[in-house]
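K.L.:
Supplied in structure tokens, the structure appears directly below.
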Amino acid sequence: MKEETIQIPELEGIDNFSKLLDTRFRIPGTDIRFGFDFLIGIVPYAGDILSFIFSCGLVITMVRHGASGQVLGRMIFNVVLDTVVGSIPIFGDIFDLFYKANRRNYHLLEEHYGEGEYKGSIWRVIIPILLAMLGLLVLMFWLTWMLVSWFWEVLF
């Protein structure tokens with residue numbers, strides 16, 4: 001699958017960062033691409049939390065560049081799906097290899113720019129969504145702590 005993008009100077013940094021996270025490397029002899037999101041996601045739970053933080057930061061940057069409320073909702077769905085399914089050992093890693101939420105989100109923003117609908121502010125939408133994302137992050141930390149505590153009790 002060849003990835004085609006429209007070159008929009010204002011979005012170049014976002015494009016490069018999303019490529020770094022999702023498509024920077026290629027498995028030799030295949031068209032399968034992966035990035036640091038996949039690599040750090042291999043580390044159970046801690047990698048998923050770090051990946052979630054990177055994806056949230058990218059979404060916030062996209063919002064600052066004019067993503068609408070509807071586009072933002074789709075982006076958050078991508079990040080949450082990637083985080084929830086990606087946290088399942090082995091299956092989640094395979095899912096991360098193919099889903100590429102950050103590239104999907106970049107393409108949503110790129111499409112939004114292409115339609116010329118990137119003007120306006122959505123700050124009244126951003127605050128509740130950021131709070132929800134923060135809540136999900138706290139929940140992930142808590143679940144990871146509980147899992148590590150349980151393993152520690154079982155082993156010792």
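The values are calculated or read from the model by the stated rules, or taken from the named source; none is laboratory data. Predicted model, so just to flag it, every value in this text is computed and none were measured. For neighbour counting, all protein chains shown are included, and Cβ atoms are generated from backbone atoms with ideal geometry for every residue, glycine included.
K.L.:
Quick one: Leu50 ticks every box in (1) among the hydrophobic types (A, V, I, L, M, F, W, C); (2) within 13 Å of the chain's Cα centre (by Cα); (3) closer than 20 Å to Gly114 by Cα bar one, so which box is it?
P.N.:
(3)
K.L.:
Right, something else. Taking the conditions exactly as written (assigned to a helix (DSSP H, G or I) and in contact (Cβ under 8 Å) with a residue 40 or more places away in the chain), does Leu20 satisfy them or not?
P.N.:
Answer is no for this residue.
K.L.:
When the range 54-89 is examined, which residues are found to be in a loop (DSSP other than H, G, I, E, B) and either touching a Cys at 6+ places or on another chain (Cβ under 9 Å) or at pLDDT 80 or above (or both)?
P.N.:
Of everything in the range 54-89, those that are in a loop (DSSP other than H, G, I, E, B) and either touching a Cys at 6+ places or on another chain (Cβ under 9 Å) or at pLDDT 80 or above (or both) turn out to be Ser87, Ile88, Pro89.
K.L.:
Any idea how many residues of the range 8-30 are surrounded by fewer than 15 Cβ atoms within 10 Å (Cβ to Cβ) and more than 19 Å from Ile90 (Cα to Cα)?
P.N.:
Of the residues in the range 8-30, 10 are surrounded by fewer than 15 Cβ atoms within 10 Å (Cβ to Cβ) and more than 19 Å from Ile90 (Cα to Cα).
K.L.:
Any residue in the range 85-94 that is within 15 Å of the chain's Cα centre (by Cα) and closer than 18 Å to Leu108 by Cβ?
P.N.:
No, the range 85-94 has no match at all.
K.L.:
A follow-up question, please. Restricting to the range 140-156, name every residue that is surrounded by 11 or more Cβ atoms within 10 Å (Cβ to Cβ) and hydroxyl-bearing (Ser, Thr, Tyr).
P.N.:
Thr144
K.L.:
As an exercise: evaluate Leu97 against (1) assigned to a loop (DSSP other than H, G, I, E, B); (2) of a type outside the set (Asp, Glu); (3) under 19 Å from Lys19 (Cβ atoms); (4) touching a Phe, Trp or Tyr at 6+ places or on another chain (Cβ under 7 Å) and give the number of the one condition it does not meet.
P.N.:
Evaluating Leu97 over (1) assigned to a loop (DSSP other than H, G, I, E, B); (2) of a type outside the set (Asp, Glu); (3) under 19 Å from Lys19 (Cβ atoms); (4) touching a Phe, Trp or Tyr at 6+ places or on another chain (Cβ under 7 Å) leaves (1) as the failure.
K.L.:
Let me ask another. Output the residue which, of all residues in the range 31-53 that are β-branched (Val, Ile, Thr), in contact (Cβ under 8 Å) with a residue 60 or more places away in the chain and assigned to a helix (DSSP H, G or I), is surrounded by the fewest Cβ atoms within 10 Å (Cβ to Cβ).
P.N.:
Ile53
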